[in-house]
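First the structure, in the form of structure tokens, and then the observations on it.
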Amino acid sequence: MKRYSLHTLLLGCLILSGQYVKAQLKSKPSFSGIYPHLAMYNKEGECGTGAVVPWAGKLWVITYGPHLPFGSSDKLYEISADLKQTVFPGSIGGTPANRMIHKESKQLFIGPYAIDEKSNVRTIPYKDMPGRHTGNARHLTDPANKILYGTMEEGFYSVDVATLKPTMLYEDGNIDRQRAADKSTYQFKGLLPGTHGKGFYSGQGVAVYSNNGEPGKRAEIDFDIESGSLSEWDGKDWKLIRRNQFVEVTGPGGIYGNSNPESDPIWATGWDHKSVLLGVRDHGKWNFYRLPKASHAYDGAHGWNTEWPRIRDVGTAAKPDYLMTMHGMFWQFPGQFNSRNSAGIRPRTSYLKVIGDYTRWNNQLVFGCDDSAQREFLNKRKAKGGIEGPGQSNSNLWFTPLDQPDKLGPNTAEGSVWLNETVKAGDVSEPFLFAGWPLRSVWIQNDGAKEVSFTLEVDKAGNGNWTVMKTLSVPAKNAKRMDFTNQETGEWIRIKASAETKASAHFSYSATDKRSMDTDLIFSGLSLVSSDKSTAGLIYGLGEDSRALAMAAMDYAGGAAKEVGYYELDADMRLVRKDDQKTLDFVKTKFAIPHNVVTVDKSSVLVVDDKGRRWRLPLGNEAFTGLTDKAALRICREVATERDLFNCHGTFYELPAENADGYAKIRPVSSHNLRIHDYASYRGLLVMTGLDAGKASQNNRIIVSDDKKAAVWAGAIDDLWKLGKPTGHGGPWKDASVKAGEASDPYLIGFYDKKKLTLSHKGATAVTFILEADPVGNGPWMEYKTFTVQPGKSVDFEFPATFAARWIRFKTDKSCEATASLVYR
């Protein structure tokens, strides 16, 4: 299916040897800060944004392919203040995400390129410095004249900043492989534990290197095995610091390197299956802290789902402002953070974009994203049917106001300090962030043979002084949940056990979701689910450098579709009818919405995942049921790399890949009453079909075809937060025949605001219902409350605002016909 557009051919004609290619741009459309004409494509299985750096009056951007240590079709881009994109013709691609400004030589090192103050670009060939360049660091002994490079497969180089001559310090794991093996999954030397290198930075006489993965097939399946490492090198020997998954390594000096390398701290971010990790090296040692996760879509023992989380100063020289991205949350990060002054980390809001790098430029934030990977890697599941990825990988930049990190999704987050693990008498957990949320609680489970007292201590000022806040006694084989009041304050909290036991301790934090249930006006013109008619279509990003979005347009009347024709959406967001029956048939066949991927019954939506696990989700408007049963609504699709957007019965969810525990860690984003037929990523945008033709002209987010017979909506995936807060109704049982002591299916309760439960049964005697909660997502289950319901009666219960768990389930003490129904408002 080879396709060429006139636009592509003209660009090819403009390429001149040794010169930049400058497209003559007029006013270009943008949607939610995304400019379609700035989209970046390659010919690889993924096209992520590796680095975004302002330099020499312009913005410089590099993209990367998935495993290309000897070069690729990726490019170095230069973007002017008026958003003209120029491709450097000497681009050599690869898998780079490194960037550093070398102050003494006045050069930006970005990927394999060195750029001077006059925008002159020099290149270090991959034959001289092979590897997937993941980070730069100041040289340990000659920082004025040399710079360090680290690769993802433990290759390390010292590069002369004047001649760009590299000296190999440690051989990259790809060097002894043939070119045919470039895309092999695991290539490493075994110098350090783990694989899939990420961060590289120096200071205090050492260079610090992180990786976030583990080789082998087990790491592609199990998310909670030992994985990754943090290590340091003193110029002679390597030392393992910690055996966990780590990503960013940086310090207050950021992209320039620390200005006081002997004393400035070094920061490292990472995670395990329990929570986010934050390490700091100062005063001659490392200290570690834990933070909650907003999203679990970044989990996975192989490390592929993260891209490059960062800590970057997005302020000014007079007023630094450090922004941290980690596990789907924007964080305020204190520039003075160290082990003796650890106060000030605060959650901002959560996001859905997959971000590789970001910067401040022209009084905006610019995020470089990983939007649409052709391969989709391990992210396959039956809910998507046999759907393919886009025909060609692409990503884009996202321009936002400076305060955008405060204006997206709720900052609800949770995490554990212990999870189903043996704790000895007197053991103290690592510090867990305690400040930043008005609603806080903890679940503590004692799975041992005797009662244990758990003492909670707080570091009120972040200075390392710990005081006892309270003690909680938990009987053997039992669990307790405790709320924290607004008077119980501190920067950090930790737990100490009085006796050896097997324990779990899980913190849940949230703020009041201030969103309403009303849909924002930016979605005006999308069909209501109650509408009988809808202008719809199946959509697919074309390959072969077409760089267009294909649309098999159709009109719906009820659940029946009538074919309208084939259309293409281009970079200028013009939707034009085409005569191409072959492509039309391809889209209709390969991107048909699959049948029977979920089951809608009278109680809730039942999902059986690829591992055979059963999960239940809330219902929305009744009209969704028939359209779902007729496969008239797309349920699941990858819209941001290596995770799915799940649109089920009126709620959009973020759905981690199966290797990140999948549905167990699903997160509702927003609820709606819209008849969305299909959705996909295109040039960094979220594009949706299912329009009300009569209202389409009233919204500039809607692109109508030249013949007025087809239309699409365009925006950013993070616009979905504006659809309205998650709501729904249902439960695991509705007039269900249940057996005594047998647990119901898990039913989602996490991330919803106001929650009300009603219990009833049709038994002749009183029945006791046991409500169990799973705050984590994959166990353990903890008993929360029991309710005794008299025959012919019902019991209502309003959950307190501080209640937090991901899933709930029910048991009864007698066999009966029972109903457990919940309403989320």
Verdict on E388 being in contact (Cβ under 8 Å) with a residue 12 or more places away in the chain, touching a Ser or Thr at 6+ places or on another chain (Cβ under 9 Å), among the acidic types (D, E) and assigned to a loop (DSSP other than H, G, I, E, B): no
Of all residues making up segment 116-169, the number that are in contact (Cβ under 8 Å) with a residue 40 or more places away in the chain, closer than 23 Å to K58 by Cα and in a loop (DSSP other than H, G, I, E, B): 8
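Condition check ((1) acidic (D, E); (2) under 27 Å from E658 (Cα atoms); (3) in contact with a Phe, Trp or Tyr (Cβ under 9 Å, 6 or more places away or on another chain)) across all residues:
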| position | (1), (2), (3) |
| --- | --- |
| L378 | no, yes, yes |
| K382 | no, yes, no |
| P390 | no, yes, yes |
| K407 | no, no, yes |
| W418 | no, yes, no |
| P431 | no, no, yes |
| T467 | no, no, no |
Neighbours by Cβ (under 6 Å, 6+ apart or cross-chain): first from segment 786-815, farther than 21 Å from E742 by Cα; second open to solvent by 50 Å² or more (accessible area, probe 1.4 Å) and assigned to a loop (DSSP other than H, G, I, E, B): none
Criterion (modelled with pLDDT of 95 or more, more than 28 Å from E642 (Cβ to Cβ), of a type in the set (D, E, K, R) and not in a loop (DSSP other than H, G, I, E, B)) met by exactly one of R281, R290: R281
Subset of segment 474-503 that is within 10 Å of I444 (Cβ to Cβ) and more than 33 Å from the chain's Cα centre (by Cα) - its residue that is surrounded by the fewest Cβ atoms within 10 Å (Cβ to Cβ): N478
Long-range neighbours under 6 Å by Cβ, at least six apart or interchain, first residue touching a residue at least 24 places away in the same chain (Cβ under 8 Å) within segment 291-312, second basic (K, R) and not in a loop (DSSP other than H, G, I, E, B): H296/K665; A297/R643
Residue within segment 212-229 that is open to solvent by 10 Å² or more (accessible area, probe 1.4 Å), at pLDDT 95 or above and either within 15 Å of G135 (Cβ to Cβ) or among the polar types (S, T, N, Q) (or both) present: no
Selection within segment 230-273 - assigned to a loop (DSSP other than H, G, I, E, B), open to solvent by less than 50 Å² (accessible area, probe 1.4 Å), of a type in the set (D, E, K, R) and farther than 29 Å from T316 by Cβ: D272
The listed residue being assigned to a loop (DSSP other than H, G, I, E, B), open to solvent by 10 Å² or more (accessible area, probe 1.4 Å) and either within 27 Å of F31 (Cα to Cα) or touching a strand residue (DSSP E or B) at 6+ places or on another chain (Cβ under 6 Å) (or both), out of A632, A571: A571
Of all residues making up segment 680-714, the number that are part of a strand (DSSP E or B) and either touching a Lys or Arg at 6+ places or on another chain (Cβ under 6 Å) or of a type in the set (A, V, I, L, M, F, W, C) (or both): 13
Residues being under 14 Å from M482 (Cβ atoms) and either without any contact (Cβ under 8 Å) to a residue 40 or more places away in the chain or out of contact with any Ser or Thr (no Cβ under 6 Å at 6 or more places or on another chain) (or both) - total across segment 433-456: 7
Residue count, segment 473-499 (criterion: part of a loop (DSSP other than H, G, I, E, B) and out of contact with any Gly (no Cβ under 7 Å at 6 or more places or on another chain)): 10
Among the candidates T519, T512, residue that is surrounded by fewer than 16 Cβ atoms within 10 Å (Cβ to Cβ) and in contact (Cβ under 8 Å) with a residue 12 or more places away in the chain: T512
Single condition G694 does not satisfy, out of (1) more than 26 Å from G33 (Cβ to Cβ); (2) in contact with an Asp or Glu (Cβ under 6 Å, 6 or more places away or on another chain); (3) small (G, A, S): (2)
Hits in segment 526-543 - residues which are part of a loop (DSSP other than H, G, I, E, B) and either without any contact (Cβ under 8 Å) to a residue 12 or more places away in the chain or under 28 Å from K590 (Cβ atoms) (or both): S527, V529, S531, L542, G543
K582 vs. criteria over 30 Å from H273 (Cβ atoms), in contact (Cβ under 8 Å) with a residue 60 or more places away in the chain and assigned to a helix (DSSP H, G or I): yes
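The values are calculated or read from the model by the stated rules, or taken from the named source; none is laboratory data. Remember, predicted model here, so these are calculated numbers, not experimental data. No Cβ is skipped: glycine too gets one built from the backbone with ideal geometry, and neighbour counts run over all protein chains shown. Side chains included, ligands, DNA and RNA excluded: accessible areas come from the protein's heavy atoms. Shrake-Rupley method; radii C 1.70, N 1.55, O 1.52, S 1.80 Å.
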